[in-house]
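Q: Before we start, here is the structure in question, set down as structure tokens.
Only the coordinates and a few stated rules stand behind these numbers; no lab work does. This structure is a prediction, so every number in the text was calculated from the model and none was measured. Cβ coordinates were reconstructed from backbone atoms using ideal geometry, including for glycine residues, and neighbour counts include every protein chain displayed.
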Amino acid sequence: MIKRQVPDADSRRRHGLPYGFAEVAVASLLVAAAYCGAWTCSIEPALHAPAAQDARGSASARQVETPQGQGQGAPAPKGKLAIDGDASLSAAPSVASLRQAIFDFEARGYVVGICARDLRTGVTITYDADADFYTASAIKGPYVISVFQELVDAGSLDAADAYHYAQPIILNSDNGAYVALSDRLGRSCFSAWLRQGHVEAGAYPSVDAYAAPHYPHSTARQLAQEWAHAYAYLASGRGHSATLLALLANRTVSPIRDALGEKCQTLSKAGWYPVDEGIADPATNDAGIVMGPRGPYVVAILSNAPEDFDAVEGIAAAVDQALPQAVDAASCYPRKRTSGSSRTPNCLSTSS
């Protein structure tokens, strides 16, 4: 696997939130963790289900089926929009705004993959969640979290040393600092962290192969799995989780944050690239955690939009509106259940 060391076109800057925001975010995550119940009894076991073989395609060249039952006259996205893996529920009026947003996005010639999971109930919305996209800097957040959780908290890396790199990486998407940290520490901590979170390999033959490049390709499902794993750590208050939370709350660029404004606390890492160049593809991505009014959820939005933040903001806003209604829709129609569990099926796994 060739390592991709391609920088973002980091030309767009936005003002971060004040650092006092992080204290509120820490408290909110801890409250949400208690509200959702013990992680080990609810969300994490759902990530243990074995992944079935699934047809995956690249964002630049894939063929997808039009979902059935979209309804007469309703905008029909090109891919498969599903709630808990069931495309029939995607025709419900509750997700009409998301259907429209995806249709409008694709009408501009873009391709998008979405995976959003309510961490309280496990209900998941997916749209072409197994198509792979160039991550650009969206991968930096999970990598930095793995460094702190696997190395700093274990005492094998000095916290101040790690923070020296993490601050510019998370706040300003500094490519030089990221590559320097990655070259110095390697990718084994990231591989170990991914395996602990039961993150799938996506388009790669193994998780190690996925973790190896500085800038891999990824699916929306993979990044959603990574941020679900990150949530368990950030909400725990353990180790240096509060330090990371403060950085993530103050990142400079985030379509998710800009879409939701002050209505929700958000933690994410965006990535973008403007052109098709060498091993890099055009991209505008964002993935992370949203502290919604009905509880936290993770969301990953990956696209081949060439540095088009406004387009991804529209998708993020539509997901935020649709997910609570999808939770209600899923509760009204009994879904298939995982073995021995009364919870919703594991739609972060390709087995669903």
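Q: State, to one decimal in nm, how far the label point of Arg108 lies from the label point of Asp86, with both points 7 Å from Cα in the Cβ direction.
A: Rounded to a tenth, the inter-label distance reads 3.3 nm.
Q: Using amide H atoms built 1.01 Å from N in the peptide plane, name the residues 5+ places from Gln265, or on other chains, whose amide H lies under 5 Å from its own.
A: Excluding prolines and chain starts, which carry no amide H, the hits are Met291.
Q: What does the charge count near Arg108 come to, summing +1 for each Lys or Arg and -1 for each Asp or Glu among other residues with Cβ under 11 Å from its Cβ?
A: Net charge in that neighbourhood comes out at -4.
Q: Using a/c under 1.5 as the rounded threshold, could you call the range 176-309 rounded, prolate or oblate? The axes a ≥ b ≥ c are square roots of the C-alpha gyration tensor eigenvalues, and prolate needs a/b larger than b/c, oblate otherwise.
A: It comes out oblate by the Cα gyration axes.
Q: For each of Cys189, Cys264, Cys115, count neighbouring Cβ atoms within 10 Å of the residue's Cβ, then give the residues from fewest to most.
A: Fewest-to-most ranking of Cys189, Cys264, Cys115: Cys264, Cys189, Cys115.
Q: When the Cα centres of the range 147-188 and the range 106-145 are compared, how far apart do they sit, in Å?
A: Measuring centre to centre over Cα atoms gives 24 Å.
Q: So, in nm, how far is label Glu262 from label Asp310 when the simple model puts each one 7 Å beyond its Cα toward the Cβ?
A: So the label points at Glu262 and Asp310 sit 2.4 nm apart.
Q: Can you sort Lys269, Lys80, Lys263, Lys140 so the residue with the fewest Cβ neighbours within 10 Å comes first?
A: Ranking Lys269, Lys80, Lys263, Lys140 by Cβ neighbours within 10 Å, fewest first, gives Lys263, Lys80, Lys140, Lys269.
Q: Mind ranking 291-299, 201-209, 147-155, 129-137 by how tightly packed they are, going by the mean number of other C-beta atoms within 10 angstrom, highest first?
A: Most protected by this proxy first, the peptides run 129-137, 291-299, 147-155, 201-209.
Q: On to the next question. Treat the count of other C-beta atoms within 10 Å as a stand-in for reagent exposure and order Thr121, Thr266 from fewest to most.
A: The fewest-first ordering by Cβ neighbours comes to Thr121, Thr266.
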